[in-house]
1. Measure off, as a whole percent, the carbon and sulfur share of the 1.4 Å-probe accessible area of the chain, all protein chains present.
2. How much space per residue, in cubic angstrom, does the convex hull of the C-alpha atoms of the stretch 99-154 take up?
3. 222 nm [θ] for the chain, helices only, -39500 (n - 2.57) per DSSP H run of 4+, per residue, to 500?
4. Label the chain by shape, choosing from rounded, prolate and oblate, from the square roots a ≥ b ≥ c of the eigenvalues of the Cα gyration tensor; if a/c is under 1.5 it is rounded, and otherwise prolate applies when a/b is larger than b/c, oblate when it is not.
5. Please work out the FRET efficiency for the pair VAL8 and ASN118, using the Cβ-Cβ distance as r and a Förster radius of 41 Å; give the result to the nearest 0.05.
6. Heavy-atom accessible area per residue, the stretch 147-214, 1.4 Å probe: how many Å²?
7. Calculated FRET efficiency, TYR76 and ASP177, Cβ-Cβ r, R0 35 Å, to nearest 0.05?
8. What residues qualify as long-range amide H neighbours of PHE158, i.e. H under 5 Å apart, gap of 5 or more or another chain, H built at 1.01 Å from N?
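The values are calculated or read from the model by the stated rules, or taken from the named source; none is laboratory data. Keep in mind the model is a prediction, meaning the values are calculated, not measured. Note that each Cβ is placed from the backbone with ideal geometry, even for glycine, and that neighbours are counted across all protein chains shown. Protein only, heavy atoms only, side chains kept; ligands, DNA and RNA dropped before computing areas. Shrake-Rupley method; radii C 1.70, N 1.55, O 1.52, S 1.80 Å.
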Amino acid sequence: MVTIKKFVFNPFSENTYVVFDENNTAVIIDPGMYYSAEEKIIDDFLSNNELELKAIIHTHSHLDHMFGTAHLAEKYQLSPYLFEKDFETYKNFERVCEMYGIPIRKKPTENLQSIDLNKELVFGQVNFKVRHVPGHAPGHIVLINNATNSVINGDCLFYESIGRTDLPGGNHNLLLDSIRKELFTLPKETKVYCGHGPETFIGHEMVNNPFLNY
Ligand SMILES: [Zn+2]
């Protein structure tokens, strides 16, 4: 059995996901913990449930999805996964935080593992197929988990909305095309876990998403 637990962190109300199996293997997707109290919430959740953290995976490298990366990489000795087309944004993290006037305590590790689109990411019983969905960010990927019939889709689709495309590397038409090609080809009953806000379903968005229905 695979369980997905959602936490909401940082001033951007970002969704951080802990995905784990019954043998206590866990991965964290988009660690957004900004305050040390938020880091403690994740550390306590892992230790209280005796979970062993095996991977940090990023759907993309916008700052609100990686405030907690430095802490996790250091504490659990892990090299975060990221798709290569977002490496540049990741490496600009400090500069972007400065631009937004957001002080950071730790610089995230530069030791990254690149995601291969042709290979499943497998940690115990936690498996993800990966698809590249550019438009919100050039290297944005989504993580499809068959065991839970769901996709962790970062900032591509939101409940009856889509990710913003006014940030560097964003492209509105490309985002619409990639959602149609890579997300709307999933089964309609697939649950969509978003980078912000509530969950939705592929079938619901195919009918009700105002950006994709006209
Ligand atoms: Zn984003």
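1. On the way: 4900 of 9840 Å².
About 50 percent, which is the carbon plus sulfur part of the accessible surface.
2. Working: hull volume 8.3 nm³, N = 56.
Spread over its residues, the Cα hull of the stretch 99-154 gives 149 Å³ apiece.
3. On the way: 6 runs with 46 residues, N = 214.
That calculation yields -5500 deg cm²/dmol at 222 nm.
4. Note, shape of the chain comes out oblate.
5. Working: r = 33 Å, r/R0 = 0.80.
Here the calculated transfer efficiency is 0.80.
6. Details: 3260 Å² over 68 residues.
Per residue, the stretch 147-214 has 48 Å² of solvent-accessible surface.
7. Details: r = 37 Å, r/R0 = 1.05.
Efficiency, from the Cβ-Cβ distance: 0.40.
8. Those qualifying (amide H under 5 Å, at least 5 residues apart or on another chain) are GLY163.
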